[in-house]
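**Q** Here it is, the structure, as structure tokens.
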Ligand code: NAD
């Protein structure tokens, strides 16, 4: 499959079909779960700083809410498509299900590039997004959160608009808010930490000590940085990270054979996770081509940037040394690349399990909002560890018992839970 032909929604449907076959789901259940329950397409007019008006295209997709309110992030991206949002919404349904929290799956997006928008223009997009969808979201129906290129400030503007329109205080209507404004301790770390908690469990299974391992990461944003932080705390060494360079319009990989220094790299990274390549060179990093992160002789690969990154075109370049791929990003591996990776006997922690820490902590945030009582960071992270470890163990045990790959095992568990909920409600 070439990159141009890639459609993430087709990937998501293909993965679902495989699980549906394994579960022998009936036709009605397949028809329901292969597609979103609701799709909202809308426009957001914005007064630009230069006096012109610009109209942005936006989406909210609610894939399934049989197990609880729809839940999922809002992404700002210039290449956003409705099919990407539909795929991400479906993956959210499986994600909330695999970690067994009482939520469904949704996702939102705006086609825009925040690199070229002032703070005021971004605020108008956030407020405009809420105005268009306010009747169809809320703490008991659909709860948005941040995703690629959206952050706690965006969430607070959205919540403020929601509360202004509805005339009440509903902090649980949106998660990923700043600390002190209804946000949860640990939310910033949660996705990356959750990914590494699953890696820790794989290493236990494979009988490998973390401090004897090396890793390479794609992306240097929210997920990747905190994954690196916890991985280093466990004793691991990161040899390479990659990031997107918005000036050159391509990605680069940054390699240091004695190991990447997280703090020094953070200092030369912009607000969107782009590492300054000239400053990196000055700090002694080798600046390599964008896909070099994937070709490293390391034990662990963590794609944590975007979907469609490990494809049939590059999967064969993965080193023989690699034992584990933990998918921090959503949908980073195409189904045909999966086949190549499986033939190399690499242990894959599938995306909707590996990156579920974010939604688990978002759920904790909502619980705290509803109680109006906030937990300390240690308490949040301890609860996160329990949820992630329990989910990982359930999937791993199921995969061994049924001779399934981790991705298939995770799919069977989560699709089955959602299908049962739809069935119990009398929908199918
Ligand atoms: P982010 O915007 O904070 O960071 C993205 C990073 O990826 C940046 O460093 C950017 O430079 C880099 N990048 C973008 N395109 C790239 C490319 N082609 N090659 C190399 N690097 C590239 O985003 P994030 O929140 O860290 O999310 C990353 C992935 O994880 C996405 O797939 C997202 O959907 C998924 N995810 C995020 C969360 C969360 O809580 N943030 C939760 C679950 C899943």
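Here, each number is a calculation from the coordinates, and none is a lab measurement. Only a predicted model underlies this, so the values are computations on that prediction, with no experimental measurement involved. Heads up, the Cβs are rebuilt from the backbone with ideal geometry, glycines too, and the neighbour counts pull from every protein chain shown.
**Q** How big is the shadow of the Cα convex hull of the stretch 203-297, averaged over all directions, in nm²? Write out the running numbers ahead of the final one.
**A** Numbers: hull surface 24.0 nm².
Projected over every direction and averaged, the Cα hull of the stretch 203-297 covers 6.0 nm².
**Q** Please arrange 386, 298, 82, 223 by how many other C-beta atoms lie within 10 Å of their C-beta, fewest to most. All intermediate terms of the calculation are to be shown ahead of the outcome.
**A** On the way: 386 12, 298 25, 82 16, 223 29.
Starting with the residue having the fewest Cβ neighbours, the order is 386, 82, 298, 223.
**Q** Next question, about the same structure. Tell me, rounded to the nearest percent, the portion of alpha carbon pairs in the stretch 88-205 spaced more than 18 Å apart.
**A** Details: 3959 of 6903 pairs.
Across the stretch 88-205, Cα pairs with separations above 18 Å total 57 percent.
**Q** Please report the spacing between the Cα centers of the stretch 253-307 and the stretch 320-361 in Å, no decimals.
**A** When both Cα centres are located, 20 Å separates them.
**Q** Taking N as the number of residues in the chain, what is its Cα Rg relative to 2.2 N^0.38 Å?
**A** Values: Rg = 20.5 Å, N = 428, 2.2 N^0.38 = 22.0 Å.
That ratio works out to 0.93.
**Q** Can you give the translational diffusion coefficient of the stretch 286-428 in µm²/s, computed by Stokes-Einstein from the Kirkwood radius over Cα pairs at 10 °C and 1.306 mPa s? Numbers along the way, then the final one.
**A** On the way: Rh = 17.2 Å.
Value of D from the Cα-based Kirkwood radius: 93 µm²/s.
**Q** Mind jotting down the three principal axis lengths of the stretch 1-88 based on Cα atoms? Whole angstrom, largest first.
**A** Ordered largest first, the stretch 1-88 gives principal extents of 57, 36, 17 Å.
**Q** Divide by every residue of the chain the summed helix terms, -39500 (n - 2.57) for each DSSP H run of at least 4, and state the resulting mean residue ellipticity at 222 nm, rounded to the nearest 500 deg cm²/dmol. Working shown, then result.
**A** On the way: 14 runs with 187 residues, N = 428.
When only DSSP H runs of four or more count, the value is -14000 deg cm²/dmol.
**Q** Compute the relative contact order of the stretch 147-304 as a whole-number percentage, counting only Cα pairs closer than 8 Å that sit 6 or more residues apart in sequence. Provide the component values of the computation, followed by the final result.
**A** Working: 245 pairs, mean separation 33.5, N = 158.
Contact order relative to length: 21 percent.
**Q** Relative contact order of the chain, please, whole-number percent, based on alpha carbon pairs below 8 angstrom and at least 6 residues apart.
**A** Details: 887 pairs, mean separation 73.9, N = 428.
Dividing the mean separation by the residue count of the chain yields 17 percent.
**Q** Arrange 155, 48, 37 by Cβ neighbour counts within 10 Å, fewest through most, would you? Working shown, then result.
**A** Numbers: 155 26, 48 13, 37 20.
Final ranking by Cβ density, sparse to dense: 48, 37, 155.
**Q** Let me check against my output: what whole-number percent is the relative contact order of the stretch 325-403, with C-alpha pairs under 8 Å and at least 6 apart?
**A** Working: 37 pairs, mean separation 23.7, N = 79.
Normalised by residue count, the contact order of the stretch 325-403 is 30 percent.
**Q** Also: For 177, 237, what ranking results if the residue with the fewest other Cβ atoms within 10 Å of its Cβ goes first?
**A** Details: 177 26, 237 19.
Arranged by neighbour count, lowest to highest, 177, 237 become 237, 177.
**Q** At q = 0.25, 0.27, 0.32 Å⁻¹, what log₁₀ I(q)/I(0) does a Debye calculation on the Cα points of the stretch 264-310 give, no solvent, two decimals?
**A** Relative scattering, expressed as log10 I(q)/I(0), comes to -1.14, -1.18, -1.18.
**Q** Still on this structure, I have one more. Using every pair of alpha-carbon atoms in the stretch 3-52, split the distances into 10 Å bins beginning at 0 and state the percent of pairs per bin, rounded to integers.
**A** The distribution over the stretch 3-52 is 19, 32, 21, 15, 9, 4, given as percents.
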